[in-house]
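Colleague: Before we start, here is the structure in question, set down as structure tokens.
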Amino acid sequence: MMSTPLQLTDDGRLKHLLTLEGLPARILTHILDTAQSFIAPDGKEIRKVPLLRGKAIFNVFFENSTRTRTTFEIAAKRLSADVVNLNIGTSSQSKGETLLDTVANLSAMQADMFVVRHASAGAAHLIARNVAPHIHVVNAGDGRAAHPTQGLLDMYTLRHFKGAFHNLRVAIVGDVLHSRVARSQIHALTTLGCPEVRVVAPRTLLPRDVESLGVHVFERIEEGLKDVDAVLMLRLQNERMQGARLPSAGEYYKHWGLTPDKLKLARPDAIVMHPGPMNRGVEIDSAVADGTQAVILPQVTFGIAVRMAVMSLLAGGQA
Amino acid sequence: MKIHIRNGRVIDPASGFDQTADVYVAAGHIVGIGTSASDAPKDFHANQTLDASGLAVCPGLVDLAVRLREPGQEHMATLETEMHAAAAGGITSLACPPDTDPPLDEPGLIEMLKFRAKNMPGPRVYPVGALTAKLKGERLTEMAELHEAGCIAFSQADARIENTEVLLRALEYAKTFDLPVWLRPQDAWIGRNGVAHDGVVSARLGLPPVPVPAETVALSTLLLLVRETGARVHLARLSSRAAVELVRAAKRDGLPITCDVGIHHVHLSEIDTADFNAHCHLIPPLRSLRDRDAIRQGLADGTIDAVCSDHTPVDEDMKALPFQESEAGATGVELLLPLTLKWAKETGLPLAQALGFITHRAAAVMGVPGGNLRVGGPADLCLFDPAEDWKVSAATLASLGKNSPWLGRELQGRVRYTLIDGHLDFKR
């Protein structure tokens, strides 16, 4: 929809990565292919390349996230870029400087790219609309809206283990309502041609019109997992475990936690993914998290390659 | 001062009069309306003649909700700028909600506001007093005294009343003096931190939602309390189809209620928020196209009594934020007329009928004179060029609030002259 033109150049190349919604399949596939080129054939080692030598990448985190920031930092360094980490949550914003003032200031510091994490939906869009034309913006998570690199690394993982999307049945399980990860996954899966995307959660953790995103709703995990090829678990935030949406972590685990028994309802070769950090014993049983079907650690490795791909395509001028 | 307005298309929505005619103004009143020279009042010698060829001449607009931002919010706008902007929008009477800083909850504040407004050009200002002290929903204000000071009604603006006991007693107390209460139906809890309609767009964008029951639960409560107390209640800024249906049914049952909608909700929907445009962050939120169409239907069948600008000037910094952090509201006084014309054009509604919602019908809700063209009545007039195209921009808006979903877009219809009490308070 209207968000697409902002992240594409006039000739259809990627200028910013703000959301996966509206991006054509060819761009998503190109990012996955590029990521693949950074990974050694053994699927584990990631090459260091000089693609972004001399470029300055600013990790601008208005909301704390050591893990995400670290993966972006590693990815940038593997591309030979200069990396600056800024934890804005604890500095200028608390001194009353506006978001756009902060961005203007950072722009003046010879930045080529901002990797932005913010607690409010649309923050990355706002920044992209207001940066100097040569600066690229990568959304590293904005509110409940989007986490496009996470969505991409999940697509990479799916493709790596399952080969293609056109014959997949995928279940996303958990707090979809508050999840930027789920939204990015859904947009990517529907764009890449996955014929059946399910969301599995109690009604209290689903947006009212979630079906409009092109997903099938299952309130009971026993039905939602039936014959799926992949289970994409979502993290349940601590503050949501008790309140008006859920009575307790225990009841959630009993009904929506992924246990070995429930996983048996999926196809025998189904894979289990999780964006981390996991709440063992809340959304996922340790036996599943550490089991043979889990691909949670490969996700982390692929995440670095995917972020390298995104950054090199944006700032390396070869998108 | 005698003014002769010549050869305009004179439209009086209240009477249905709509033809080319002359209007004669003297001593603050309309002293004649006629199609030939012989209709001029005896011995009428104009000090000024306005050529209204090609212009529409209608009653000055009456606006149910204009935030003038005084006292206390002068960083967003001032009485002087917004009075001028309102006149530039053809508005000759306006009600201002009590959500100032401090809120309009003491007679002294009302007297000061009225005094300040009276001494500058621009519309007649009718303050709406706070229903509860500081708008906190806990203690009643001195409504009788506030009424004496000039409040035409009592409201909570966008502040909630959590305690329904207080709401019930406030309605009873207002009823004691037969004072009108204007309330926007809004549940104290549902959608409390929400910023966008609970629909397809918020599902996509992850914006915290305001479900329709936030409006309908509160509305149902209010309708029951109106039955119970007999209070004169006006329902402000309806936003959903379900709410329009509830009001339609209640009116059919003979409940003496009135209601309004904001002009932006007659046009826009959640789709307009789809690119996180903070200018479309409004209270109540823009809802689905179905809801918008139900609002249009409610206007067409008379369920909805009036349309207002819900003018909310907001400074630029407070809009240059992520959607959910931005200050809600849109500037409106200069867009009320062109957006009403746009709606009339889009729906095929006769011009006179559409103008009725921003003139005599709004005046009837407010219980104030004006809003019509009547010989002997006040000379509050709006002369506009219905064919003039203009682009909405920071430069073309007189209001200090440049916050509008319509920025950069062309609208048709522009005010050329505004007469208030027989004075030419604005001309372009």
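The values are calculated or read from the model by the stated rules, or taken from the named source; none is laboratory data. Note that the structure is predicted; figures quoted are calculated from it, not measured. Positions of Cβ are backbone-derived with ideal geometry, glycine not excepted, and every protein chain shown enters the neighbour counts.
Colleague: Show the residue pairs that are 6+ apart or on different chains and have beta-carbon atoms under 9 Å apart, the first residue being within segment A:212-232 and in the same structural domain as A:Asp261 (by TED's automatic domain parsing), the second being exposed (fewer than 13 other Cβ atoms within 10 Å of the Cβ) and part of a loop (DSSP other than H, G, I, E, B).
Modeller: Correct list of pairs: A:Leu225/A:Lys264; A:Asp229/A:Asn167; A:Asp229/A:Asp269.
Colleague: In addition: If I filter segment A:145-155 for residues that are over 11 Å from the mean Cα position of the chain (by Cα) and either touching a residue at least 24 places away in the same chain (Cβ under 8 Å) or within 14 Å of chain B (Cβ to nearest Cβ) (or both), do I get at least one hit?
Modeller: no
Colleague: How about segment A:182-236: which of its residues are within 16 Å of B:Ala203 (Cβ to Cβ), of a type in the set (D, E, K, R) and in a strand (DSSP E or B)?
Modeller: Within segment A:182-236, just A:Arg198 meets the criteria.
Colleague: May I ask you to list the residues in segment A:5-46 that are over 21 Å from A:Cys194 (Cα atoms), within 14 Å of chain B (Cβ to nearest Cβ) and polar (S, T, N, Q)?
Modeller: Answer for segment A:5-46, where residues must be over 21 Å from A:Cys194 (Cα atoms), within 14 Å of chain B (Cβ to nearest Cβ) and polar (S, T, N, Q): just A:Gln7.
Colleague: Could you grab me the full set of residues in segment A:105-130 that are assigned to a loop (DSSP other than H, G, I, E, B), surrounded by fewer than 21 Cβ atoms within 10 Å (Cβ to Cβ) and in contact with a Leu (Cβ under 9 Å, 6 or more places away or on another chain)?
Modeller: Correct list: A:Asp112 only.
Colleague: Condition (residue is modelled with pLDDT of 95 or more and touching a Gly at 6+ places or on another chain (Cβ under 6 Å)) applied to segment A:80-99: is it met by at least one residue?
Modeller: No, segment A:80-99 contains no residue that is modelled with pLDDT of 95 or more and touching a Gly at 6+ places or on another chain (Cβ under 6 Å).
Colleague: How many residues are in a loop (DSSP other than H, G, I, E, B) and within 26 Å of A:Pro298 (Cβ to Cβ) when one looks only at segment A:19-41?
Modeller: Residues in segment A:19-41 being in a loop (DSSP other than H, G, I, E, B) and within 26 Å of A:Pro298 (Cβ to Cβ): 6 in total.
Colleague: Would it be correct to say that A:Ala75 is in contact with a helix residue (DSSP H, G or I) (Cβ under 6 Å, 6 or more places away or on another chain), surrounded by 16 or more Cβ atoms within 10 Å (Cβ to Cβ) and in contact (Cβ under 8 Å) with a residue 24 or more places away in the chain?
Modeller: yes
Colleague: Is there a residue being at pLDDT 95 or above, closer than 21 Å to B:Leu246 by Cβ, away from chain A (no Cβ under 14 Å) and assigned to a loop (DSSP other than H, G, I, E, B) anywhere in segment B:190-208?
Modeller: no
Colleague: So which residues in segment A:126-144 are under 16 Å from the mean Cα position of the chain (by Cα) and facing chain B (nearest Cβ under 9 Å), if there are any at all?
Modeller: Once the filter is applied, which keeps residues that are under 16 Å from the mean Cα position of the chain (by Cα) and facing chain B (nearest Cβ under 9 Å), segment A:126-144 yields A:Asp142, A:Gly143, A:Arg144.
Colleague: To continue, here is another question. Would you confirm, using the coordinates I've provided, whether A:Ala123 is in contact with a helix residue (DSSP H, G or I) (Cβ under 6 Å, 6 or more places away or on another chain), at the interface with chain B (Cβ under 9 Å from one of its Cβ atoms) and of a type in the set (A, V, I, L, M)?
Modeller: In short, no.
Colleague: Just give me the residues in segment B:20-29 being out of contact with any Lys or Arg (no Cβ under 7 Å at 6 or more places or on another chain) and farther than 14 Å from B:Leu383 by Cα, in sequence order.
Modeller: Within segment B:20-29, B:Ala27, B:Gly28, B:His29 meet the criteria.
Colleague: Can you tell me which of A:His187, A:His274 is within 14 Å of chain B (Cβ to nearest Cβ), touching a residue at least 24 places away in the same chain (Cβ under 8 Å) and either buried (at least 20 other Cβ atoms within 10 Å of the Cβ) or within 21 Å of A:His160 (Cβ to Cβ) (or both)?
Modeller: Of the residues listed, the single one that is within 14 Å of chain B (Cβ to nearest Cβ), touching a residue at least 24 places away in the same chain (Cβ under 8 Å) and either buried (at least 20 other Cβ atoms within 10 Å of the Cβ) or within 21 Å of A:His160 (Cβ to Cβ) (or both) is A:His187.
Colleague: Would you check which residues across segment A:183-205 are aliphatic (A, V, I, L, M) and closer than 18 Å to A:Val282 by Cα and list them?
Modeller: A:Val199, A:Val200, A:Ala201, A:Leu205
Colleague: On to the next question. Pull up segment A:251-302, narrow it to residues that are closer than 23 Å to A:Ala35 by Cα and of a type in the set (Gly, Ala, Ser), then point me to the one that is modelled with the highest pLDDT.
Modeller: Only one residue fits best here, namely A:Ala294.
Colleague: Helices (runs of 4 or more DSSP H) wholly in segment B:281-356 with at least 3 residues that are more than 19 Å from B:Val62 (Cα to Cα) and either in contact (Cβ under 8 Å) with a residue 12 or more places away in the chain or within 14 Å of chain A (Cβ to nearest Cβ) (or both) - which ones?
Modeller: B:289-300, B:316-319
Colleague: Would you please name the residue that is surrounded by the fewest Cβ atoms within 10 Å (Cβ to Cβ), looking only at residues in segment B:402-428 that are in contact (Cβ under 8 Å) with a residue 60 or more places away in the chain and farther than 30 Å from B:Gly28 by Cβ?
Modeller: B:Gln412
Colleague: Here are B:Gly348, B:Gly356, B:Gly302, B:Gly329: which of them is out of contact with any helix residue (DSSP H, G or I) (no Cβ under 7 Å at 6 or more places or on another chain), surrounded by fewer than 24 Cβ atoms within 10 Å (Cβ to Cβ) and under 17 Å from B:Asp260 (Cβ atoms)?
Modeller: Exactly one residue qualifies, and that residue is B:Gly302.
Colleague: Out of the residues in segment B:243-268 that are in contact (Cβ under 8 Å) with a residue 60 or more places away in the chain and assigned to a loop (DSSP other than H, G, I, E, B), state the one that is surrounded by the fewest Cβ atoms within 10 Å (Cβ to Cβ).
Modeller: Top of the filtered list is B:Leu268.
Colleague: Inside segment B:1-110, counting only strands (runs of 3 or more DSSP E) that do not spill past its ends, which hold 2 or more residues that are closer than 19 Å to B:Gly371 by Cβ and β-branched (Val, Ile, Thr)?
Modeller: Per the criteria, B:2-12, B:17-26, B:29-34, B:91-96.
Colleague: Could you check how many residues of segment B:357-410 are farther than 18 Å from B:Ser309 by Cα, in contact with a His (Cβ under 7 Å, 6 or more places away or on another chain) and among the aliphatic types (A, V, I, L, M)?
Modeller: The number of residues fulfilling the criteria is 1.
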